[in-house]
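Here is the structure we will look at, set down as structure tokens.
The values are calculated or read from the model by the stated rules, or taken from the named source; none is laboratory data. Worth saying up front: this structure is predicted, and the values here are computed from it rather than measured. For neighbour counting, all protein chains shown are included, and Cβ atoms are generated from backbone atoms with ideal geometry for every residue, glycine included. Just the protein is used for accessible areas: all its heavy atoms, side chains included, with ligands, DNA and RNA removed. Shrake-Rupley method; radii C 1.70, N 1.55, O 1.52, S 1.80 Å.
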Amino acid sequence: QVQLAESGGGLVQAGASLGLSCAVSTRAFGNYGLGWFRRAPGKEREFVAAVSGSGGRNDYADSVAGRFTISRDDVRNTVSLQMNDLKPEDTAVYFCAADVSGWGHRSADRYLYWGRGTRVTVSS
């Protein structure tokens, strides 16, 4: 069983930066692709960013490319999301998830394990 726990959410003003972290409890951390997703109020869950198990491949949604950076730490078993130049439309609950294939897909259906989420609110 893989457990994920997000931290780092909060309330910030537009233009600010915020870092999210996700601790992943597993002995096979390097085997998993890791992704960040978000669900804004009244909207469907959407892909934000992913990193492959090898760490050699990152992928970003168009809406966050150039502003967000995903990274993984295979020593600490964590995956982070650095969010810069935040906009009100980034307001959402952010979830991290583990992809057993190791690829780091855009589709949430490919992720077997999920955290409970952390809330990010960006005020205008």
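A few remarks follow.
- If the condition is being open to solvent by less than 50 Å² (accessible area, probe 1.4 Å) and assigned to a loop (DSSP other than H, G, I, E, B), then the range 113-124 contributes GLY115, GLY117.
- Any chance ALA5 is surrounded by 13 or more Cβ atoms within 10 Å (Cβ to Cβ) and either among the hydrophobic types (A, V, I, L, M, F, W, C) or on the phi > 0 side of the Ramachandran plot (or both): yes
- Filter pass, VAL64 being at pLDDT 95 or above, surrounded by 14 or more Cβ atoms within 10 Å (Cβ to Cβ) and closer than 13 Å to LEU4 by Cβ: no
- Residue pairs meeting the criteria (Cβ under 6 Å; at least 6 apart or on separate chains; first in a loop (DSSP other than H, G, I, E, B), in the range 16-31; second among the aliphatic types (A, V, I, L, M)): ALA16/LEU86; THR26/VAL2
- The residue list THR91, THR69 contains one member that is more than 20 Å from ASP109 (Cβ to Cβ), in contact with a Phe, Trp or Tyr (Cβ under 9 Å, 6 or more places away or on another chain) and open to solvent by 10 Å² or more (accessible area, probe 1.4 Å), which is THR69.
- GLY10 meets each of the listed conditions (1) closer than 14 Å to VAL120 by Cβ; (2) under 13 Å from the mean Cα position of the chain (by Cα) apart from (2).
- Residue that is most open to solvent (accessible area, probe 1.4 Å) [pool: residues in the range 21-53 that are aliphatic (A, V, I, L, M) and closer than 16 Å to SER63 by Cβ]: ALA40
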